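We did not get these values from a lab; they are worked out from the coordinates using the rules stated. What you see is a predicted model; the values in this text were computed from it and never measured. Cβ placement follows ideal geometry from the backbone for every residue including glycine, while neighbour counts extend to all protein chains displayed.
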Amino acid sequence: MIRAEFLSPAERVELTGLARNGLVEHRLARRANALVLLDRGMNCAEVSLVFLLDDDTVRRWFRLYREGGIEGLSGFSYEGSACNLSIEQAFSITYQSRSGLVTLLHRLGMAHRKPQAVSQKLDVAKQKAFIEAYDTLLNGLPDDEAVMFADAASDPCRERMNIHGAIDLETGQTRMCEVVTVDAMSGIALLTSIEALYPAKRLIHVFPAIGSKKVVAGGVPSFDREWWVW
């Protein structure tokens, strides 16, 4: 039995504010609302009917708040149970250290890579200008033109694989070339492949991941159209 008025005045104000705040995550607002109702005298069964839940869930929310406050109430992590397969018991092999796990990955032909931080200092003005320019381009795009975005990717594991590819975001059409090295020649090979994809297009706009330059048909003997690479 959860007695009424278990919240202090400050706790009551805080939880009521969370329940009423439209910017708070919906799950947290529901939990806060449920606790306020419990504090007002409703029992778990009555609160569960309001939120279309079972009363055990309401009791769990109450327990989370009593044990950890707002921080405990706002925890939404779902951790799985321990695996029933024990490598140590089944194969008498123990990987107790990071180096042991890295060694295992290498033996399986995999590689360990540390995650790299992505800078958050992006130029918002430049991003906005690009989006506006891209929208303007698409809105006025003639039938004899197309737009594609190009990038390259490499797989360092086992036999190294380099892929230079492009995608048309409007149609989903893609072109990919497996190359020895991602360089100017692979870029020419990709543009040739894109040209084959759109044989009737007069102009094809290709946006690369990095850099900007103009490539004219005269620079590549097999091209008979102008290519813009932004």
Where labels lie 7 Å past Cα in the beta-carbon direction, separation of Thr57 and Glu71 in nm:
2.6 nm
Final fewest-first order of Met42, Met148 on the 10 Å Cβ neighbour count is Met42, Met148
Ranked output for segments 52-61, 188-197, 124-133, 138-147 by mean other Cβ atoms within 10 Å, highest leading, reads 188-197, 52-61, 138-147, 124-133
Taking 7 Å along the Cα-to-C-beta vector as the label spot, tell me the Lys128-Asp143 distance in nanometres, rounded to one decimal.
3.7 nm
Relative contact order in percent for the stretch 9-73 (Cα pairs under 8 Å, 6+ apart) equals 23 percent
Cα→Cβ-extended label distance, 7 Å offset, between Leu101 and Leu197, nm:
3.8 nm
How big, on average over all directions, is the shadow cast by the Cα convex hull of the stretch 9-73, in nm²?
4.0 nm²
